[in-house]
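The next block holds one structure in the form of C-alpha cells; read it before the comments.
Any read-out appearing in this document is the output of simple, stated calculations on the displayed coordinates, not a laboratory observation. Here the structure is a predicted model, which is why all the values come from computation and not from measurement. Here the Cβ positions follow ideal geometry from the backbone for every residue, glycine too, while neighbour counts run over all protein chains shown.
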Amino acid sequence: MGRRSDWDDELSKDTKQRRHNRKRRKMNADEEFIDEESSKFIRSLDNTKGSSWMAEKRYKQMFNEIEEGLSGVLGDGPFEWVDRRVFDAVFDRLTLLSLYKLMKSGIIDTLDFPIARGKEAHVFHGTGESGPVAVKIFHTSNAVFKNLVQYIEGDPRFGGLKRRHRDLVDIWVRKEFRNLSRLEKWGLAVPKPLGVHKNILVMEYLGTDVAPSPRLRDVKVNDAKAVYEELLEFLAISWQKANMVHGDFSPYNIMWHGDRPVVIDVGQAVVQSHPKSQEFLVRDVTRLVEWANKAGLETDLAEAMYDVLEMDLSHVEEKIVS
Ligand SMILES: Nc1ncnc2c1ncn2[C@@H]1O[C@H](COP(=O)(O)OP(=O)(O)OP(=O)(O)O)[C@@H](O)[C@H]1O
Ligand SMILES: [Mg+2]
C-alpha cells in the first residue's frame, strides 16, 4: 500500500510540474503575442519619460484592445494632428483608463479627430452606438495648478493634493453632464448628454463628417430677431423652469447648428439658490443684448431682463427623456 501511494505522490508531482510548465509556456506565448501585437507606437513608448507606464504589460493589453478605436488620435486618421506632446498632455494614464471604460461600455467606439482645444478641455469627434459623438476630455492638470502644486506637494501637512485636484475635475465634469440633462429635460436646445466617466464627457455631436458646426460668433444670421427671441426664451426657460442660469452665455458658447442656436459649455451653470445666480443672470442677458444690438436690432437690457423673469411659459412642460 505504502508503495502505491509513493507512486501516486511521484505521479502527481510530475503532473503538477507538467501542468505548471504548460501554464508557463502559455503565459510566455500570451506575452509574446501581446508584444507582437503592440504597435510601433506603444513600443516607442518604452523609453519615453512619463509614458512608460503604457508599455507595462497590463496596460499594453488594454491599449491593444482600444487602439483601433483610438487610431484617429494616434495620427493614423485623416488628421495628422496629435503629436506626442499633445498626446501626453491629454491622455494620461487615468484618462486612457476612462476611455477604455467608455469604449468597453459601448458609449464610444472610436475617437477620430480633435475639434477644439480649450483652456479646460480638448473636444474630439468620435463615434458611438448610434452615430457621431463629441468627446470632451478635461485636462487633469493645468499650468497654473502645476505651478502651485510644487509649493504644496511634499509638505506633509497637505498630502494628496493631486488626487484632490482630479476629484475636483471629475466633479466639474459630472456637473456639466447633469446641467445638460436638466436643460434637455426642459426641451432646451443643448447637445444631448450621452455619458460621463471621470474627466470625460460624451455628448451629441453638432457638425458634419469633417467639421463641427460654427459658433454663433462666427456666422451672420439671416433673421437676427428670431434668433434673439429664441435665445431670450432659452434664458427664460432655464431660469423660470429649470431654475438654472448658464453663467457664460456668450456667442462663443452657442453653436449654429441646423439653422438654429444650440447652447454648449454648461459646466459653470448654477442653480438659482447659488449666491451669485442673479448676478450671472444679469450678465448672461447683457451678453445676449449686446449680441443682438451688434446684429442690428434695437434691444434694451431692462426690457430683456423683464422678459426673462416674467415671460409667460405656461405652455412649457418637462419632457420625459430617454
Ligand atoms: N457637442 C459638440 N459638437 C461639436 N463641437 C463641439 C461640441 N461641444 C463643443 N464643441 C466644440 O468645442 C469647442 C469648445 O467647447 P467648450 O466651449 O464646451 O469647451 P471649453 O473647454 O469650455 O472651451 P473654452 O475654454 O474655449 O470655452 C466649442 O467651441 C466647439 O467648437
Ligand atoms: Mg467654451
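With the simple spin-label model, which puts each label point 7 Å out from Cα in the Cβ direction, the residue 57 to residue 233 separation comes to 6.2 nm. Largest first, the three principal axis extents of the alpha carbons in segment 165-318 are 45, 41, 31 Å in whole numbers. Taking label positions 7 Å along the Cα-Cβ direction at both residue 303 and residue 158, the computed distance is 5.2 nm, reported to one decimal.
Note on residue 252 and residue 272: their simple-model spin labels are 3.0 nm apart, each label 7 Å out from Cα toward Cβ. A Förster radius of 51 Å, combined with the Cβ-Cβ distance separating residue 105 from residue 259, puts the computed FRET efficiency at roughly 0.90. Using alpha carbons only, the radius of gyration of segment 261-319 set against its Kirkwood radius gives Rg/Rh = 0.99. For the residue pairs 119/319; 192/241; 60/101; 57/104; 136/185, the alpha carbons lie more than 26 Å apart in 119/319. Of the residues 273, 322, 71, 98, the one with the fewest other Cβ atoms within 10 Å heads the list, and the complete ranking is 322, 273, 71, 98. Which net charge results when you count Lys and Arg as +1 and Asp and Glu as -1 among the other residues whose beta-carbon is under 14 Å from that of residue 160? In short, +2. Annotation: the residues 66, 137, sorted from fewest to most other C-beta atoms within 10 Å of their own C-beta, follow the order 66, 137.
The residue 129 and residue 217 beta-carbon pair, evaluated with R₀ = 35 Å, returns a calculated FRET efficiency of approximately 0.65.
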